[in-house]
Amino acid sequence: MASKKLSGGGLPVIARFEVRHRNYLAPDGSINRPLPAFASDTNLLTALYRAMLLLRNFDRKAVALQRTGRLGTYAVSLGQEAVSVGVASAMREEDVLLPSYRDNGALIWRGVKLEEILLFWGGDERGNCFSGPVEDFPFCVPVGSQAPHAAGVAYAFKLRKQPRVAVCMFGDGATSKGDVYEAMNFAGVHKLPVVFVATNNQWAISVPLRLQTGCETLAQKAVAAGFIGEQVDGSDVVAMRAAAEDAIAAAREGRGPRFIEAVTYRLGDHTTSDDALRYRSADEVQARWKEEPIARLRNYLVSQKMWSKAEEEQLAAECHERVEAAVECYLATEPRRPETMFDHLYAELPETYAAQRRQLAGEGDA
Amino acid sequence: MPEVTLVEAVNLALARAMEDDPDVVVLGEDVGINGGVFRATVGLQTRFGPERVLDTPLAELLISGLCVGMAAQGMKPVGEIQFMGFLYPCIDQLVNHASRFRNRTQGRLTCPMVLRTPHGAGIRAPEHHSESTEAMLAHIPGLRVVIPSSPERAYGLLLAAIRDPDPVVFLEPTRIYRAAKGEVEDNGEALPLDVAFVLREGRDVTLISWGAMLKETMAAADTLAADGIAAEVIDLATLKPYDEITVLGSIAKTGRCVIVHEATRTGGFGAEIAALIAERALTSLLAPVARVTGYDTVIPMARLEQHMMPSVDRIVTAARKACQFS
Ligand SMILES: Cc1ncc(C[n+]2csc(CCOP(=O)(O)OP(=O)(O)O)c2C)c(N)n1
């Protein structure tokens, strides 16, 4: 990449950089270039498909719960299911995920129960005490602030000589924050085993990418931190999985961090409290529906005879059942007693606050 | 026992903690070969290597965020921020992550980190180097805020902070980094957190302070003693959570209280103590609770800074007034 040729102005070029874009499946499900080896594994491809469809069903139900006052604000993954599912599928159990609030697909893949995700959005901290790898981080709400954590986790892996990788996910808006650059910069200095994944869904609430950055790509932000940034078709789950697999493998082998810009589109509102029609046209969204990841993979699977109508019907029924069971479990979960808000404040509750706890418990006044 | 300065005691505690526990990592700007701008980490990198005594890029948010990530992995990171005026980028990490990690994950993940920083004015430093905004930190649920006022307490409390399973901000009184000397036995023994230290017993008036201001507060107690006024002096030491029992016990005895802090007055931690006494010890009071504090102004640069900080005179005057109140 770096070369020392004289440029037109007579000054030597001391460095050149390039950003590659990765894609395999075209929007209609045909293939643009030979697929990576894992794509010959029918079970794996259908597992990715199943995970994306489950997520879409779950999202639909979550929105319905919110609309009927049974869930708090919720952030859907509509249109960007391939990102979190693709990335998580490339991780090992012992790796650590540091997700943003929109990465449900990754959490579910890693074993978090649907009812736990509902509990979180339903306003209960127990949702963050989830099943799945115990060292995975909870959803991060302050945008981008989890990136330095990922660098810290990866530093611990390196120090302890563990062949593990930290995978940190955030949105395009987050790449504007110093947190993300500070973390990437440090990861570059120490060649840490960490992969940063920016889901570029074109919008940070109402702010479009062109007002978020003057960069042509987000991937090039890795250049300033000293490592490879790659742009990936984030609506192509095969590309997402392949890119994540390469990046995670490189990180695990001690070849340092990578950055993945997953270019996709948020088809839904930002959250259930947002109305995206205020800032973008229905036509724009309609056009983007043609690129969405689930139909794309289904078309490919069907064309390869890897998937049938009967399987689709069965999957739809399975998803419905799983989601309904989760909702039932969530709705049946009794709220915590008020005084339990003190229970995990410190390892041991200081006496000073024990009185406040007793007051909440109705055992005398503080 | 060897006599050491407060900053040397910090160094001793760090070395001891690193020796005892391979999970302790020291990180910050210039903490390696340079030993930190105040030399608190001097010699540590030679002894423990550059991976455990880590020179970070110049990025304070990163330092605090790295600590959170390492701590979530069960390490014991001790981050250094060069001056309290540069701690503000860490507030996001302290408020939104470090202090609530245990709570938001219901104990699944915890954050046993320490963030150290010099605290306070009086060293003729440039702008932004003289901050004492401890009240801001003490407002954060789930955090511990600790300020030692002697080499012995710097050593014992820092060891306790590092061993504590929750996040601690450790504020080191810059003005007495070298001025305070004392005998410290490097025996690895911690002092208790959340406990105030009674530095001097007295029955007439309670003087409460922390950090460097205890120097003036103790001097004021000497002056008052010459007048026949026996002041009890309390070093609060841990501001969050603070030792209400010792404070209230002392007020029950003396009935009079002067709180001394260098930080600005409005919303300062003195207001919290005064409110506690008003709520819980009003009937013991023989005089209004007085505060001797910094003024509600930006901390001036070197030429005026001594006028900002409470003087022995101001403390003595406030205490006398409290004692004369009838
Ligand atoms: C630090 C911070 N500032 C503001 C917000 C409010 N907020 C929530 S989501 C959001 C947009 C984030 O956009 P992006 O990073 O692109 O992620 P996306 O929501 O598109 O997945 C904002 C401004 C926040 N959560 N955190």
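The values are calculated or read from the model by the stated rules, or taken from the named source; none is laboratory data. The shown structure was predicted, so the numbers you read here are calculated from the model rather than taken from an experiment. Every residue, glycine as well, gets a Cβ built from its backbone with ideal geometry; the counts of neighbours run over all protein chains shown.
Restricted to the stretch A:127-148, and to residues there that are in a loop (DSSP other than H, G, I, E, B), hydrophobic (A, V, I, L, M, F, W, C) and farther than 18 Å from A:Ala90 by Cβ, the residue that is farthest from the ligand (Cβ to nearest atom) is A:Val134.
Those residues that are within 11 Å of A:Phe196 (Cα to Cα) and either among the aromatic types (Phe, Trp, Tyr) or within 16 Å of the ligand (Cβ to nearest atom) (or both), I need them from the stretch A:149-166; list them, please.
Matches in the stretch A:149-166: A:Ala150 only.
Restricting B:Leu286, B:Leu282, B:Leu236 to those that are out of contact with any Cys (no Cβ under 6 Å at 6 or more places or on another chain) and either buried (at least 22 other Cβ atoms within 10 Å of the Cβ) or within 26 Å of A:Glu348 (Cα to Cα) (or both) reduces the list to B:Leu236.
Is it true that some residue in the stretch A:118-126 is in a helix (DSSP H, G or I), under 30 Å from A:Glu324 (Cα atoms), within 16 Å of the ligand (Cβ to nearest atom) and more than 10 Å from chain B (Cβ to nearest Cβ)? So far as the stretch A:118-126 goes, yes, one or more of its residues are in a helix (DSSP H, G or I), under 30 Å from A:Glu324 (Cα atoms), within 16 Å of the ligand (Cβ to nearest atom) and more than 10 Å from chain B (Cβ to nearest Cβ). Within the stretch B:101-130, the set of residues being closer than 22 Å to B:Val68 by Cβ and within 21 Å of the chain's Cα centre (by Cα) comprises B:Cys111, B:Pro112, B:Met113, B:Val114, B:Leu115, B:Arg116, B:Thr117, B:Pro118, B:His119.
Within the stretch B:12-51, track down each residue that is among the β-branched types (Val, Ile, Thr) and under 21 Å from B:Glu183 (Cα atoms).
B:Thr41, B:Val42
Number of residues in the stretch A:175-201 that are within 9 Å of the ligand (Cβ to nearest atom), away from chain B (no Cβ under 13 Å) and buried (at least 24 other Cβ atoms within 10 Å of the Cβ): the value is 5. Of all residues in the stretch A:271-297, those that are within 23 Å of A:Asp103 (Cα to Cα) and of a type in the set (Asp, Glu) have Cβ atoms under 6 Å from Cβ atoms of residues that are more than 15 Å from the ligand (Cβ to nearest atom) and at pLDDT 95 or above, 6 or more apart or on another chain, in A:Glu291/A:Pro27.
Residues in the stretch A:35-69 that are of a type in the set (Lys, Arg), surrounded by fewer than 18 Cβ atoms within 10 Å (Cβ to Cβ) and under 18 Å from A:Lys113 (Cα atoms): A:Arg50, A:Arg60. Each residue in the stretch B:56-87 was checked for being within 7 Å of another protein chain (Cβ to nearest Cβ) and either among the aromatic types (Phe, Trp, Tyr) or assigned to a helix (DSSP H, G or I) (or both), and 9 pass. Of the set (1) touching a Phe, Trp or Tyr at 6+ places or on another chain (Cβ under 9 Å); (2) on the phi < 0 side of the Ramachandran plot, all apply to B:His128 but (2). Criterion applied to B:Pro165, B:Pro241 was being within 14 Å of chain A (Cβ to nearest Cβ) and either over 18 Å from the mean Cα position of the chain (by Cα) or farther than 25 Å from B:Pro77 by Cβ (or both), and the one residue passing it is B:Pro165.
Within the stretch A:87-109, the set of residues being in a loop (DSSP other than H, G, I, E, B), within 14 Å of another protein chain (Cβ to nearest Cβ) and within 20 Å of A:Phe170 (Cα to Cα) comprises A:Asp95, A:Pro99, A:Tyr101.
No other residue among A:Ala249, A:Ala198 is small (Gly, Ala, Ser) and part of a helix (DSSP H, G or I) apart from A:Ala249. All of B:Ala71, B:Ala17 fail the test of being touching a Cys at 6+ places or on another chain (Cβ under 7 Å) and in contact (Cβ under 8 Å) with a residue 60 or more places away in the chain, apart from B:Ala71. On the stretch given as the stretch A:269-294, residues that are surrounded by 15 or more Cβ atoms within 10 Å (Cβ to Cβ) and either in a helix (DSSP H, G or I) or hydroxyl-bearing (Ser, Thr, Tyr) (or both) total 7.
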